[in-house]
Amino acid sequence: MAVQQDVTADWMRQPEILGTAVGIDDSGNTTLLVYVDQESSKADEAVRNLPRNIRGIGVQVQLTEKFRAMARPGGGGGGGVSHTAKQTPPIQLGTSGGWSYDLANGYCCGGTLGSLVSIGGVQHILSNYHVFEADIVSGGNSRVAQTGDPVAQPGLIDVNCNAATAQNVATLVKKNSLPGSNVDCAVAQVVPGMVNSSGAILEIGTISSQTIAASLNQAVKKSGRTTGLTNSTVSGLNATVSITYENECAGGTAFTKTFTGQIVIKNNGSRFLDSGDSGSLMVQDVATNPRAVGLLFAGSSSTAIANPIGQVLSFLGATMVGTP
């Protein structure tokens, strides 16, 4: 939308403005969504200064906390199936996992092993950069993430930070998606026999090898470490959003990055996505062989954000593993 392109950069020079997206109102009219940091002391002023419409397009303000990458521990897995338990191989995805060395000084991190992709005919687990690769400076454990490192299931946050009680299911293949690219993704090559080769995801099952673009009000679901199987709808497209990355457990570097062309999903009360769900694959909310829509990586208690799956696969040179 031209209006969004024309105003976003200028508006986001104000630190209170976290981003914009194209949405739709209750009457079916296209709107410009503006995300305002409700924790800022200048939030009220920022809202007052925004126009209510611009060139005939309505402007809707969405108050939210800062958008953050979501790889820190939250509660335990949701639903009747455990997404945090150690599985008997070959494992299903949508489960707790992460870099096996993601701990320092008794504190550990993790996220979600999202799905299977194929790169050059070789199966890899897909997750986020900030779940697998973010430790780029030597921290409390004197290690940095590098190709060949083990990726564990469950993640260390679910085995009391004791890697010996988890199992290594894949080996990291560094892709360095951040901070330079427009996606937060990472992959690890599957250890033979450790992951269900169909790409089955807990409580979703097998997915399609085909993908689909997001659309407004599209029904979607995901299977993740913290909240388990959850459902929601797409509320914004073509989002330009500022994401806060914090220091990871064992030596990551804090930074803030602006992403463009992202998908926004309703996340009322963090019921769709919460800390520890990073890396979950978002798919169509259909019963059989849903198509992938996006890779979830960030959000707030009211809003979830996903990279479009097409951007992710293009960056990696990958295809989805699933039913043709």
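What are the residue pairs meeting all of these: first residue in region 1-30, first residue free of Cβ contacts under 8 Å to residues at least 40 places away in the same chain, second residue surrounded by 11 or more Cβ atoms within 10 Å (Cβ to Cβ) and assigned to a helix (DSSP H, G or I), Cβ atoms under 6 Å, and 6 or more apart or on different chains?
Taking only residues 6 or more apart or on different chains, the pairs are Q14/A46; E16/A43; E16/A46; I17/W11.
Output the residues belonging to region 208-241 that are aliphatic (A, V, I, L, M) and crowded, with 19+ Cβ neighbours inside 10 Å. Don't jump to the end; show me each part of the working.
The initial filter retains those residues of region 208-241 that are aliphatic (A, V, I, L, M), namely 212-214, 216, 219-220, 229, 234, 237, 239, 241.
Those that are aliphatic (A, V, I, L, M) and crowded, with 19+ Cβ neighbours inside 10 Å: A214, V220, L229, V234, L237, A239, V241.
Only residues that are small (G, A, S) and either surrounded by fewer than 24 Cβ atoms within 10 Å (Cβ to Cβ) or touching a Lys or Arg at 6+ places or on another chain (Cβ under 7 Å) (or both): list them for region 111-135, please.
G111, S118, G120, G121
State whether one or more residues within region 41-50 are under 27 Å from the mean Cα position of the chain (by Cα), modelled with pLDDT of 95 or more and not hydrophobic (A, V, I, L, M, F, W, C).
no
In this structure, does S181 turn out to be under 29 Å from M12 (Cβ atoms), surrounded by 22 or more Cβ atoms within 10 Å (Cβ to Cβ) and among the hydroxyl-bearing types (S, T, Y)?
no
Answer yes or no as to whether S232 is closer than 22 Å to Q311 by Cα, modelled with pLDDT of 95 or more and of a type outside the set (F, W, Y).
The answer is yes for S232.
All but one of (1) touching a strand residue (DSSP E or B) at 6+ places or on another chain (Cβ under 6 Å); (2) surrounded by 15 or more Cβ atoms within 10 Å (Cβ to Cβ) hold for D274; state the number of the condition that does not hold.
Here D274 meets the rest and fails (1).
Quick one: would you say G199 is outside any helix (DSSP H, G or I), buried (at least 17 other Cβ atoms within 10 Å of the Cβ), of a type outside the set (F, W, Y) and at pLDDT below 95?
Spelling it out, it is not the case that G199 is outside any helix (DSSP H, G or I), buried (at least 17 other Cβ atoms within 10 Å of the Cβ), of a type outside the set (F, W, Y) and at pLDDT below 95.
Those residues that are in contact with a strand residue (DSSP E or B) (Cβ under 8 Å, 6 or more places away or on another chain), under 19 Å from V241 (Cα atoms) and crowded, with 16+ Cβ neighbours inside 10 Å, I need them from region 40-57; list them, please.
Within region 40-57, A43, A46, L50 qualify.
If you scan region 90-127, which residues turn out to be more than 16 Å from A186 (Cα to Cα), part of a strand (DSSP E or B) and either at pLDDT 95 or above or aromatic (F, W, Y) (or both)?
I91, Y107
Quick check on my filter: what residues within region 287-322 are of a type outside the set (S, T, N, Q), in contact (Cβ under 8 Å) with a residue 12 or more places away in the chain, surrounded by fewer than 17 Cβ atoms within 10 Å (Cβ to Cβ) and in a loop (DSSP other than H, G, I, E, B)?
Answer for region 287-322, where residues must be of a type outside the set (S, T, N, Q), in contact (Cβ under 8 Å) with a residue 12 or more places away in the chain, surrounded by fewer than 17 Cβ atoms within 10 Å (Cβ to Cβ) and in a loop (DSSP other than H, G, I, E, B): just G317.
What pairs can you find where one residue is in region 225-247 and free of Cβ contacts under 8 Å to residues at least 40 places away in the same chain, the other is charged (D, E, K, R) and part of a strand (DSSP E or B), and their Cβ atoms are less than 6 Å apart, with a gap of 6+ or different chains?
As it stands, the answer is T233/K266, since those pairs meet every condition given.
Identify all residues within region 285-296 that are more than 17 Å from V117 (Cα to Cα) and either in contact with a Lys or Arg (Cβ under 9 Å, 6 or more places away or on another chain) or of a type in the set (A, V, I, L, M, F, W, C) (or both); write none if there are none.
Those that are more than 17 Å from V117 (Cα to Cα) and either in contact with a Lys or Arg (Cβ under 9 Å, 6 or more places away or on another chain) or of a type in the set (A, V, I, L, M, F, W, C) (or both): D285, V286, A287.
The values are calculated or read from the model by the stated rules, or taken from the named source; none is laboratory data. Note that the coordinates shown come from a computational prediction; the quantities given were computed from them, not determined experimentally. Note: ideal-geometry Cβ built from the backbone for every residue, glycine included; neighbour counts use all protein chains shown.
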